[in-house]
Amino acid sequence: MNWFVATFGSSIGKKLLMAVTGLCFIGFLTGHLAGNLTIYAGGDAFNSYAEHLHALEPFLTVVEIALLSLAIIHIVTGLWLFWQNLKARPNRYAVNKWAGGRTIGSATMPYTGVLILAFVIFHLLNFSFVDKTNTTIWQIVSTAFANPLYVLLYIAAIVVVAFHVRHGLWSLFQTLGANHPKYMPFIFKASIVVSLIFGIGFGLLPLYVSLFA
Amino acid sequence: MTKNINLTLKVWRQKNSSAAGNFERLEAKDISTDMSFLEMLDIINEKLTLEGKEPIAFDHDCREGICGQCGSVINGRPHGPEKGTTLCQLHMRHFADGDELVIEPFRARAFKVVKDLAVDRSPLDQLIQAGGYISANTGAAPDANALPISKETAEMAFDAAACIGCGACIAACPNASAMLFIGAKVSHLNLLPQGKSEADKRTLGMVRKMDTLGFGNCTNERECEAECPKEISITNIARLNRGFIKASLFSSEK
Ligand code: SF4
Ligand code: FES
């Protein structure tokens with residue numbers, strides 16, 4: 001047990017936990033986006049996608065528990081790292097300047113992370129933990145996005161997710177030790193592309209629902 | 001083309017490590033653009049001494065960019081605004097007449113300010129010690145090329161060995177992490193046959209020491225690589241991460 005604590009309690013160990021759990025969330029987001037695209041095929045297609053998904057029980061519950069555990073690891077470790085990093089420089093500089101390494105995404109990781117957590121809770125309360133006895137998921141979604149405030153809020157949240165992914169994706173490869181001049185430029189660009197796909201893919205959905213549903 | 005410029009300096013003054021510091025405004029008049037940054041500070045110090053005031057304490061030694069002693073943060077940039085340049089090799093021609101320069105010491109919990117701009121970077125020595133020894137035979141120098149090392153490996157080790165231990169990577173890191181420094185040391189020693197036998201022990205030793213010394217955690221901000229006067233690449237940090245995974249999960253090292 002001792003080597004285990006020494007490994008995952010160390011700075012690199014904690015980052016490895018962030019990297020692996022983060023990669024799982026990128027996988028999850030990809031699946032989630034693929035599923036949501038059925039919205040473009042109309043309310044019935046979306047409802048039937050939701051039905052098929054729920055037909056996968058009890059497998060779905062296992063996935064949900066796994067996602068919850070991953071989220072707890074990612075959040076607790078992330079906050080711990082953030083706290084330690086704040087302590088590592090008690091006296092701040094009077095002048096701060098970026099030399100070209102930092103990006104908006106990298107500089108805001110802990111903040112975008114906390115915002116995403118708040119959004120995920122809100123999102124689950126909206127669409128997941130609701131009474132669905134006399135209604136369909138499509139009805140819930142289209143009623144919600146009839147409210148422009150919801151549309152704006154969701155788009156803003158997706159932009160935050162995109163920035164988090166833009167730094168997180170390439171960064172997790174670096175943490176896992178996969179950085180080589182041969183392929184790092186590709187991974188770096190791929191992170192931007194993936195964050196754009198998530199940003200546009202998820203971001204347009206609320207707009208589409210509010211305008212055409 | 002030599003010319004003379006006037007600058008306004010805001011220099012961090014701090015009596016000792018426990019005193020509270022503050023910025024002092026100083027005028028640097030008639031500074032030749034041929035001077036190095038440290039020569040400019042020398043001129044200021046001469047003037048302060050003649051006026052019976054306390055000169056600015058700052059670290060320096062070789063003044064030719066090889067010892068790693070110098071280093072302050074100029075307008076938010078460790079070693080100043082020039083890429084791949086130590087503060088002693090930074091020339092005043094990179095500044096314009098009338099510029100205001102804010103000069104601060106390297107700041108990190110692990111680096112205590114000794115006085116003014118002079119900081120105690122002995123935690124870097126402790127990191128080196130935690131890296132342990134290498135195994136080399138004593139006696140006559142071995143024949144050249146008796147130990148085959150590929151050119152690629154030699155180059156990678158040499159690039160890492162260019163680290164002069166100045167600590168600018170830590171000063172530049174938003175998290176005050178020492179990953180570039182130990183990444184460079186681990187790469188330099190673990191890549192070569194002389195250091196390979198102790199590679200796992202060295203990697204774990206240095207990472208654990210870094211954690212206990214109060215350095216922060218790397219979040220891949222890449223500011224270290226951008227500010228390092230020897231342009232050490234973060235591929236060395238990736239190598240350290242690989243080495244850590246191997247040492248922790250695939251070796252008997254505890
Ligand atoms: S890695 Fe670069 S910045 Fe860091 S101590 Fe070595 S030479 Fe200085
Ligand atoms: S004084 Fe030696 S590197 Fe600057």
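The values are calculated or read from the model by the stated rules, or taken from the named source; none is laboratory data. Because the structure is a prediction, the values reported are computed rather than measured. As a convention, Cβ positions derive from the backbone with ideal geometry for all residues, glycine included, and neighbour counts pool all protein chains shown. Side chains are part of the model used for accessible areas, which takes the heavy atoms of the whole protein and leaves out ligands, DNA and RNA. Shrake-Rupley method; radii C 1.70, N 1.55, O 1.52, S 1.80 Å.
Quick one: would you say A:LEU67 is modelled with pLDDT of 95 or more and more than 14 Å from every other protein chain (Cβ to nearest Cβ)? Don't jump to the end; show me each part of the working.
Values: modelled with pLDDT of 95 or more: yes; more than 14 Å from every other protein chain (Cβ to nearest Cβ): yes.
Yes.
Would you pick out the residues in the stretch B:9-53 that are surrounded by 14 or more Cβ atoms within 10 Å (Cβ to Cβ), assigned to a strand (DSSP E or B) and within 14 Å of another protein chain (Cβ to nearest Cβ)?
Keep residues of the stretch B:9-53 that are surrounded by 14 or more Cβ atoms within 10 Å (Cβ to Cβ), which gives B:9-14, B:21, B:23-24, B:26, B:28, B:31-33, B:35-45, B:47-48.
Still in the running and assigned to a strand (DSSP E or B): B:9-13, B:23-24, B:26, B:28, B:31-32, B:36.
Passing the criteria: B:LEU9, B:LYS10, B:VAL11, B:TRP12, B:ARG13, B:PHE23, B:GLU24.
For residues in the stretch B:129-163 being open to solvent by less than 80 Å² (accessible area, probe 1.4 Å) and in a helix (DSSP H, G or I), which is farthest from the other protein chains (Cβ to nearest Cβ)?
The selected residue is B:ALA161.
Determine which member of the set B:THR219, B:THR212, B:THR203 is of a type outside the set (Asp, Glu), without any contact (Cβ under 8 Å) to a residue 24 or more places away in the chain and either away from ligand 2 (no atom under 16 Å from the Cβ) or out of contact with any Gly (no Cβ under 6 Å at 6 or more places or on another chain) (or both).
Answer to the check: B:THR212.
Looking only at the stretch B:79-116, which residues are among the small types (Gly, Ala, Ser), surrounded by 20 or more Cβ atoms within 10 Å (Cβ to Cβ) and part of a loop (DSSP other than H, G, I, E, B)? Give the derivation first.
Restricting attention to the stretch B:79-116, the residues satisfying the condition of being among the small types (Gly, Ala, Ser) are B:80, B:84, B:96, B:98, B:108, B:110.
Now narrow it down to the ones that are surrounded by 20 or more Cβ atoms within 10 Å (Cβ to Cβ): B:80, B:108, B:110.
Scanning the stretch B:79-116 gives B:GLY80, B:ALA110.
May I ask you to say which residue of B:THR203, B:THR212 is open to solvent by less than 10 Å² (accessible area, probe 1.4 Å) and more than 9 Å from every other protein chain (Cβ to nearest Cβ)? Before you say what the answer is, go through the steps one by one.
On the way: B:THR212 fails: open to solvent by less than 10 Å² (accessible area, probe 1.4 Å).
Criteria check complete, one pass: B:THR203.
In the stretch B:219-233, which residues are facing chain A (nearest Cβ under 7 Å) and not in a helix (DSSP H, G or I)?
Listed by number, the residues that qualify are B:THR219, B:ASN220, B:GLU221, B:ARG222.
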